[in-house]
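Here the structure comes first, spelled out in structure tokens, and everything after it is commentary.
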Amino acid sequence: MSVTKFVCILMLTWAGSWDRVWQTAPHGGDAQITIVGVWRGHSVCTDKNSACHDEVNVYRFAAVAGKPNSFTVTASKVVDGKEIVMGSGEWKFDEKKRVLETEKPPIRMTIDGKKMEGALSLADGTVYRRIYLEKEN
């Protein structure tokens, strides 16, 4: 293999890897935060008189190809040791605020290192559920 061909392959490989890092890590310079992956934790109901139940949760984040700061998220609850998918959708990451959010259902999460905290709100803005997650290694 020629040196030129080797360098071209190396550059293409590196560029592809960089693109994945760029899509999954906040661009604000905090390289310790990596959104893509599995986040586990729990959620707590704010209205104990409602039909809501506190839950153990698993959220799986994957980068959306070609859309920096966009992620596909699948959210599950754990019942009797088994994950039950509650839903999935696209979330957006705001670099400056360090916030991940989705519109339906309205969930807003703030990231601090390997911790993510936030809430699911009702249409009128009332917080219905508080969510606490930690990134798996």
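Computed from the coordinates by the stated procedures, all read-outs in this text should not be read as laboratory data. Computed from a predicted structure; not experimentally measured. Because the Cβ atoms are built from the backbone with ideal geometry, glycine has one as well, and the counts that use them run over all protein chains shown.
Before moving on, here are some points about what is shown:
- Spin-label model distance (nm) - residue 99 vs residue 42, 7 Å beyond Cα toward Cβ: 2.7 nm
- The stretch between residue 130 and residue 56 holds 25.5 nm of extra length on full extension. This uses 0.36 nm per residue minus the Cα-Cα distance.
- Straight-line cross-link reach from residue 82 at under 20 Å between alpha-carbon atoms covers these lysines, not counting any fewer than eight positions away in the same chain: 135.
- Note on residue 110 and residue 122: the extension gain reaches 2.5 nm, defined as 0.36 nm multiplied by sequence separation minus the Cα-Cα distance.
- A protection proxy built from the mean count of other Cβ atoms within 10 Å ranks the segments 82-91, 46-55, most packed first, as 82-91, 46-55.
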